[in-house]
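Derivation of every value follows stated rules applied to the coordinates shown; laboratory data play no part. From a predicted model like this one, the values you see are computed outputs, not experimental measurements. As a convention, Cβ positions derive from the backbone with ideal geometry for all residues, glycine included, and neighbour counts pool all protein chains shown.
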Amino acid sequence: MENFDDEFNDNFEDFNNDLDPVEKAKLQEIYEAEIENAMREAFQFIEEMGEDNWIKSNKVPITTSRKLTIVENMINWFADPIREEYEKAAKMKRILDKIKK
């Protein structure tokens, strides 16, 4: 299976290099839309579940280190000057501090 993965990665890199700038821009736009959707859905999920419940939850088997990574990524995404969603970033920072306790 390792051979397949290496071959896939090599082919993907070749594929990416073969794209013209317009195709790359379209793919970047799709990527950014998917990231935005994921960040907003994750934020909504945490809001609906309640931050303390999400932190303590075992329903979604996520390790503490993975939760830290998720929350740090969300902080950076929401605090980006392009978005300026500082209230959401602040809420995620509060959650990050709780996880680190």
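Counting other Cβ atoms within 10 Å of each Cβ, which trypsin sites (Lys or Arg not before Pro) in segment 18-63 have at most 10 and sit in a DSSP loop?
Here the sparse-neighbourhood loop sites are Lys59.
Out of the GluC sites (Glu not before Pro) in segment 31-101, which ones are loop residues according to DSSP with at most 11 other C-beta atoms within 10 Å?
Counting only loop positions with at most 11 other Cβ atoms within 10 Å, the GluC sites (Glu not before Pro) in segment 31-101 are Glu84.
Could you compute the FRET efficiency for Lys59 and Lys101, with r as their C-beta to C-beta distance and R0 at 22 Å, rounded to 0.05?
Efficiency at R0 = 22 Å is approximately 0.60.
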